[in-house]
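Got a structure here, written out as structure tokens. Questions coming.
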Protein chains: 2
Amino acid sequence: MDATHDEHQHEHRTDGPDGVDARAAAGAQRTTVGALGELAVLDRVTRRLPAGSPVLGPGDDCAVVAAPDGRFVVTTDMMVHGPDFRWAWSSPEDVGWKAAATNLSDVAAMGAVPSGLVVAIAAPPDTQVAVLEGVADGFRLAVDALAPGCGVVGGDLSTSATFSLTVTAFGDLGGRDPVVRSGARVGDVLAVSGELGAAARGLARLFRDGVDAAGEPDVERVRASGADTDPDVARQRRPVPPIADGPLAAVAGATAMLDLSDGLAIDAGRLARASGVTLELDPAEASAPDGVVDEVALHGGEDHGLLATFPVGTRLPGGFRRIGVVRERTSHAGADHAERPVDLVRGGTPVPTTGWDPYADWDGVAG
Amino acid sequence: MDATHDEHQHEHRTDGPDGVDARAAAGAQRTTVGALGELAVLDRVTRRLPAGSPVLGPGDDCAVVAAPDGRFVVTTDMMVHGPDFRWAWSSPEDVGWKAAATNLSDVAAMGAVPSGLVVAIAAPPDTQVAVLEGVADGFRLAVDALAPGCGVVGGDLSTSATFSLTVTAFGDLGGRDPVVRSGARVGDVLAVSGELGAAARGLARLFRDGVDAAGEPDVERVRASGADTDPDVARQRRPVPPIADGPLAAVAGATAMLDLSDGLAIDAGRLARASGVTLELDPAEASAPDGVVDEVALHGGEDHGLLATFPVGTRLPGGFRRIGVVRERTSHAGADHAERPVDLVRGGTPVPTTGWDPYADWDGVAG
């Protein structure tokens, strides 16, 4: 809709709000987007979205968003049915929540306060309108919980053989420098905010208990197994990134920061390489509230916590807790005796900083 | 990539730039994105994109873009394989060009100067890397031609069963009010900039000459029919919106403006309803450079010209020419004798303001 609610309007299909409402009422819950048409779908979806307070909202070719800082931060991220979510495992509300949360987390990771979102959704024509309404509800719930006052200021509704959402999020730096990945200095404290490992444990549970005999995602198995009430599954479906801790970290003087999208080890590797340092995890007994950065916390993704470095002596803000320290970049002799730089080390042993590749690793299953 | 070039990095698949280059050379033109992996694909795509001059470019969770006006305009638009383009009819360069051009046009339609783009691309794993390189080339060619100095400041690369691109574009208002659809006043001159009808004629030619006996899009038929050298087909593939005329119109005092994405009649209807006026087209002999706003110009979309209203006596800027005038909103008795408001009229006869609905009208063909 080009940030517009009446793009592709089609008076040949609807004869005004009364006609739309009558048809919607008749179709009840089972109406497809193809049957209802874009204008009516937009109307039903838009009223459920969080409006925020843009300078100019939907209805024109563009929305207008305030950028009092004179700059804005921007990130875009796509969620695709199949590689990124399965309807058997996530409700429409879950999908909307996660799409909002992951993008808000990227904004927070720069030290910025979220100022707006735009959302492009592609849905097959046989998609139930209730699915899009649920996705919109998920956006509203996530924004209300994680970034109150922010809103969806525009969007686009398209058709496709594959359901996908692309969210683009903006934020305001409030006059501060953006906190980048490359700023960590030797001696800084390494700290983390947010949960570690819950989303990965939840996904593992779904892969274990939420599939049928052929290994296909199966909503009935999810229910029967009790996975629906597993708090880890809840975190996989609706991550709760510590959005407010991003700006707090910037104010406290964080030297580097990023969003933990792919797991502590992978993301620590990115920070280490960008900053040209080696990150050293504290001994297990010293780390995290429960004293453990375990293997799941190290290698499980999708928690969307924040990893940051702070100058020694900084009083860690919000939910941040120390997990290590920044060292000079070191190298390590591999099995082939070649020296390789080390990103992350614990107890003298390098921690692998590898992970998921969507092109190589997606198994093609949607579900 | 969350506006990032090293997201989802995966050292287990590549062992540095040398390994990547060696594999790329071996695979030559036929390498798929699935075989090459995301990091190497990103590297090859990113270097072809126009960089622009963001405050902070790719490499972090967000890019940072200047907004000297203290506000920014934003639009998002998705292009999906099937309903929006067919590979048999458009090259990857064409697809990239069009995705950039249509979004830049929405920015111009607010009277803003484009300041940046972010691009999310979802590609099936068997997509040739050369396809993504071509799309990136299309972005660069379009930005260089239409909005020099603008650039792609971030993006996301995902996998999907269906190829799609979502472009989000930003612009700066330079201290001016945004030009909205609702500002047309009775007595204003109605004017248009850019071509009318060429893209629709080009699409009609492709539907006529670019299909096989079964009606499926067919690249060989396109070639054999000579459609490849048809200037109208070129405009369908690579629209040339008059981007600079958007800010010029704002400076000249345009009271309302929008992008002609769906045809003059549909888009005039939007402006008329938003402003609460009736638009009256001049008699044919008085309109357009060649004296004609013909049926194709009225009802054909995708030219991405600009439709605007100006106070009487305004010297029309750039490529704008007069096509009509703004009247008080009138009504007309339909065949059922009910009075209905009239959006657009010519020679006393209402012009229908209807068009394409992606959910209802896509035939499911990709090609």
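What is the residue count in region B:157-167 for residues that are at the interface with another protein chain (Cβ under 7 Å from one of its Cβ atoms) and either in a strand (DSSP E or B) or open to solvent by 10 Å² or more (accessible area, probe 1.4 Å) (or both)?
Count: 6.
Right, something else. Condition first: farther than 27 Å from B:Arg270 by Cβ and within 25 Å of the chain's Cα centre (by Cα). Now tell me which residues in region B:182-222 satisfy that.
Listed by number, the residues that qualify are B:Arg205, B:Arg208, B:Asp209, B:Gly210, B:Val211, B:Glu216, B:Pro217, B:Asp218, B:Val219, B:Val222.
Same structure again: With respect to the numbered conditions (1) at pLDDT 90 or above; (2) in contact with a helix residue (DSSP H, G or I) (Cβ under 6 Å, 6 or more places away or on another chain), which one is the sole condition not fulfilled by B:Val20?
Unmet for B:Val20, out of (1) at pLDDT 90 or above; (2) in contact with a helix residue (DSSP H, G or I) (Cβ under 6 Å, 6 or more places away or on another chain): (1).
Checking B:Thr127 against (1) open to solvent by 10 Å² or more (accessible area, probe 1.4 Å); (2) over 22 Å from B:Trp87 (Cα atoms), only one condition comes out false. Which one?
So the condition that B:Thr127 fails would be (2).
Further question: What are the pairs, 6+ residues apart or on separate chains, where a residue within region B:308-326 that is within 18 Å of A:Asp61 (Cβ to Cβ) has its Cβ under 9 Å from a residue that is open to solvent by 40 Å² or more (accessible area, probe 1.4 Å) and in a strand (DSSP E or B)?
Pairs that qualify, where the first residue is within 18 Å of A:Asp61 (Cβ to Cβ) and the partner is open to solvent by 40 Å² or more (accessible area, probe 1.4 Å) and in a strand (DSSP E or B), are B:Phe310/B:Arg322.
Name the residue, out of B:Leu190, B:Leu203, that is over 29 Å from B:Asp230 (Cβ atoms) and away from chain A (no Cβ under 14 Å).
Exactly one residue qualifies, and that residue is B:Leu190.
Exactly one condition in (1) assigned to a helix (DSSP H, G or I); (2) open to solvent by less than 50 Å² (accessible area, probe 1.4 Å); (3) within 14 Å of another protein chain (Cβ to nearest Cβ); (4) not charged (D, E, K, R) is not met by B:Gly171; state its number.
Failing condition for B:Gly171: (1).
For region B:318-336, name all the residues that are assigned to a strand (DSSP E or B), under 13 Å from B:Asp188 (Cβ atoms) and either small (Gly, Ala, Ser) or open to solvent by less than 80 Å² (accessible area, probe 1.4 Å) (or both).
Correct list: B:Ile323, B:Gly324, B:Val325, B:Val326.
Does region B:163-179 contain any residue that is among the hydroxyl-bearing types (Ser, Thr, Tyr), farther than 13 Å from B:Val73 by Cβ and touching a residue at least 60 places away in the same chain (Cβ under 8 Å)?
yes
Looking at region B:175-203 only, could you name the residues that are among the aliphatic types (A, V, I, L, M) and surrounded by 16 or more Cβ atoms within 10 Å (Cβ to Cβ)?
B:Val179, B:Val180, B:Ala184, B:Val189, B:Leu190, B:Ala191, B:Val192, B:Leu196, B:Ala198, B:Ala199, B:Ala200, B:Leu203
Report whether or not A:Ala35 is out of contact with any strand residue (DSSP E or B) (no Cβ under 6 Å at 6 or more places or on another chain), in a loop (DSSP other than H, G, I, E, B), more than 7 Å from chain B (Cβ to nearest Cβ) and aliphatic (A, V, I, L, M).
no
While we're looking at this one, here's another question. Which one of the conditions (1) at pLDDT 90 or above; (2) surrounded by 20 or more Cβ atoms within 10 Å (Cβ to Cβ) does A:His10 fail to meet, given that it meets all the rest?
Only one criterion is unmet by A:His10, namely (1).
Within region B:340-367, count every residue that is open to solvent by 40 Å² or more (accessible area, probe 1.4 Å) and modelled with pLDDT of 85 or more.
8
Conditions (1) in contact with a strand residue (DSSP E or B) (Cβ under 8 Å, 6 or more places away or on another chain); (2) of a type outside the set (Gly, Ala, Ser), marked per residue:
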| position | (1), (2) |
| --- | --- |
| A:Asp209 | no, yes |
| A:Ala214 | no, no |
| A:Ala227 | no, no |
| A:Val240 | no, yes |
| A:Ala244 | no, no |
| A:Ala265 | yes, no |
| A:Asp282 | yes, yes |
| A:Gly300 | no, no |
| A:Leu307 | yes, yes |
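The values are calculated or read from the model by the stated rules, or taken from the named source; none is laboratory data. Please read all numbers here as calculations on a predicted model, not as lab measurements. In this analysis, Cβ positions are derived from the backbone assuming ideal geometry, glycine residues included, and neighbour counts consider all displayed protein chains. SASA here: full protein model, heavy atoms, side chains in, ligands and nucleic acids out. Shrake-Rupley method; radii C 1.70, N 1.55, O 1.52, S 1.80 Å.
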